[in-house]
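Asks: I have a structure I would like to understand better, so I am pasting it below and will then ask my questions one at a time.
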Amino acid sequence: MLSLQLKSGEYLTIGDDIAVQVFQTGPSFRVSVKAPREVPILRGEVLERSGQRPEGLRDRRPKSPSEKARNAKNLDACLQRRERETTARKNQANLLQNVETVLDRMDELADTAARREIQALRGRLEQLRAELSA
């Protein structure tokens, strides 16, 4: 199958008797066909009602400009959300590191009873780190 890209107003010929010209009208386009009367010309939708479809055609229509814009907007929103989540995880990791530094300093200054409490806090800190990693 031959696939061409035409600008508005350009045309192609098929044999000596058929010419096809393309015109863009806003978001859609028009196709003008000059062919002998004995050559049947049908829209694809009409032909497909009879269960036929020419071989070699693409199965999907190209995406509309609005669908492309919507997909781009959704992708951008997803990337921004992922960046915010990454930043939040980094901030949480920094906060946990700061808490650990405070616990180290408290451990140096604490008595035996306070050290048990500090060890319990360290255990909870490790649980938080594990949750962040998951």
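Asks: Looking at ARG37, ARG30, ARG70, which one is in a loop (DSSP other than H, G, I, E, B) and open to solvent by 90 Å² or more (accessible area, probe 1.4 Å)?
Replies: Unique residue meeting the criteria: ARG37.
Asks: Shifting gears a bit: Of the numbered conditions (1) among the acidic types (Asp, Glu); (2) touching a residue at least 12 places away in the same chain (Cβ under 8 Å); (3) open to solvent by less than 90 Å² (accessible area, probe 1.4 Å), ASP17 satisfies every one except a single condition; which is it?
Replies: Every listed condition holds for ASP17 apart from (3).
Asks: What number of residues in the stretch 1-16 are among the charged types (D, E, K, R) and closer than 21 Å to PRO36 by Cα?
Replies: Selection size over the stretch 1-16: 2.
Asks: Give just the number: which of (1) at pLDDT below 90; (2) open to solvent by 90 Å² or more (accessible area, probe 1.4 Å); (3) closer than 30 Å to ALA130 by Cα; (4) of a type outside the set (Lys, Arg) does LEU75 not satisfy?
Replies: (1)
Asks: Is the stretch 67-79 home to any residue that is of a type in the set (S, T, N, Q), out of contact with any helix residue (DSSP H, G or I) (no Cβ under 9 Å at 6 or more places or on another chain) and within 25 Å of SER28 (Cα to Cα)?
Replies: yes
Asks: If you don't mind, there's one more thing I want to ask. Name the one entry in ARG105, ARG116, ARG89, ARG58 that is of a type outside the set (Phe, Trp, Tyr), in contact (Cβ under 8 Å) with a residue 24 or more places away in the chain and open to solvent by 100 Å² or more (accessible area, probe 1.4 Å).
Replies: The unique qualifying residue is ARG89.
The values are calculated or read from the model by the stated rules, or taken from the named source; none is laboratory data. Being a predicted model, the structure only gives us computed values, none of them experimental. In this analysis, Cβ positions are derived from the backbone assuming ideal geometry, glycine residues included, and neighbour counts consider all displayed protein chains. For the accessible areas, the whole protein counts, side chains as well, though only heavy atoms, and no ligand, DNA or RNA atoms are used. Shrake-Rupley method; radii C 1.70, N 1.55, O 1.52, S 1.80 Å.
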